[in-house]
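The values are calculated or read from the model by the stated rules, or taken from the named source; none is laboratory data. Note that the structure is predicted; figures quoted are calculated from it, not measured. Note: ideal-geometry Cβ built from the backbone for every residue, glycine included; neighbour counts use all protein chains shown.
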Ligand code: HEC
C-alpha cells in the first residue's frame, strides 16, 4: 500500500515537471520568434523599412537642443527631439540605443526688440521641413538605400508629410554629416541633455 502511494506521488510529480518543462520550451520558442521578427523595433518604421514622421513629437518626445542658422536655405531654428528613454540610455552608455529616433524640425525665425534686448530672434509658427533618423544597430534593411551606417535617414516636406522625400541617404545626407562621423554621425555637441542633467 505504502509503495503504491509512493509511485502515485512520483508519477504525479513527474507529470508536473513535464508540464513545467513544456511551458518553458514554449516560452523559449516564443522569445526566439520575437527576436527573429523584430521589425517592430521602431513604431516609425514599417516592414519594408519605410520611415514615417512621428506624430506630435513635440509632446511625445523631449527637446534635445536647438541650432540657429543665420542665413541661407536652412536659415532659422533647427529644433531637435528624441525619446526620453533614448537620452537616459545615452547618459548611461554613451551611445544611441537600437530604435532611437531623432527628429530635427526647421522653422523660419523673426527678430524684434524685447525687454531682454534688441534684435532678439525667435522661431515662428511656420515649418520648413523635418529630418528624421532611426537607429538600427542590426543592419536590418541591407538593400534599402535610405538605410546604412547604423541609421535610417529620412526627409519630410510640408506638402506631403506621409512620404520620405529622400530615397538615397548617401547622396542626400551622409556628406554633410561627415564632420560628426566619430559621434555616430550625430552633432552631439548641441545636445548637452545627452550627457548631463544640467
Ligand atoms: C547641408 C548639410 C546637411 C545635409 C544635406 C543634411 N544634414 Fe542633417 N544636419 C546637418 C548639420 C550641420 C546638423 C546640426 C546643425 C544644424 O542643424 O545646423 C544636422 C543635424 C541633423 C539631425 C539632428 C541630429 C544631429 O545629427 O545633430 C538630423 C536628425 C539630421 N540632421 C538628419 C539628416 C538627414 C536624414 C539628412 C538627409 C535626408 C540630412 N540630415 C542632410 C547638416 C546636414
Exercise. Would you be able to tell me the number of residues in the stretch 181-190 that are under 18 Å from residue 146 (Cβ atoms) and more than 8 Å from the ligand (Cβ to nearest atom)?
Key: 1
Practice problem: Name the residue, out of 64, 53, 88, that is closer than 21 Å to residue 188 by Cβ, within 16 Å of the ligand (Cβ to nearest atom) and at pLDDT 95 or above. | Solution: 64
Quiz item: Quick one: is residue 127 more than 15 Å from residue 50 (Cα to Cα), part of a loop (DSSP other than H, G, I, E, B), assigned by TED's automatic domain parsing to the domain that holds residue 58 and within 10 Å of the ligand (Cβ to nearest atom)?
Solution: no
Quiz item: Can you spot a residue in the stretch 50-64 that is buried (at least 16 other Cβ atoms within 10 Å of the Cβ), in contact with a helix residue (DSSP H, G or I) (Cβ under 8 Å, 6 or more places away or on another chain) and closer than 22 Å to residue 170 by Cβ?
Solution: no
Quiz prompt | Sole residue being crowded, with 17+ Cβ neighbours inside 10 Å and more than 20 Å from residue 82 (Cα to Cα), chosen from 172, 136 | solution = 172
Exercise. May I ask you to list the residues in the stretch 98-123 that are in contact (Cβ under 8 Å) with a residue 24 or more places away in the chain and part of a loop (DSSP other than H, G, I, E, B)?
Key: 98, 99, 100, 108
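From 86, 124, which residue is touching a strand residue (DSSP E or B) at 6+ places or on another chain (Cβ under 8 Å) and surrounded by fewer than 16 Cβ atoms within 10 Å (Cβ to Cβ)?
Among 86, 124, only 124 is touching a strand residue (DSSP E or B) at 6+ places or on another chain (Cβ under 8 Å) and surrounded by fewer than 16 Cβ atoms within 10 Å (Cβ to Cβ).
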Practice problem: Name every residue in the stretch 53-93 that is more than 15 Å from the chain's Cα centre (by Cα) and closer than 19 Å to residue 135 by Cβ, in order of residue number. | Solution: 65, 91, 92, 93
Quiz item: Of (1) surrounded by 14 or more Cβ atoms within 10 Å (Cβ to Cβ); (2) within 12 Å of the ligand (Cβ to nearest atom), residue 193 satisfies all except one. Which?
Solution: (2)
Quiz prompt | All positions within the stretch 150-180 that are away from the ligand (no atom under 11 Å from the Cβ) and under 29 Å from residue 93 (Cα atoms) | solution = 150
Quiz prompt | Out of 98, 113, 149, sole residue that is farther than 23 Å from residue 83 by Cβ, surrounded by fewer than 18 Cβ atoms within 10 Å (Cβ to Cβ), in the same structural domain as residue 71 (by TED's automatic domain parsing) and modelled with pLDDT of 95 or more | solution = 113
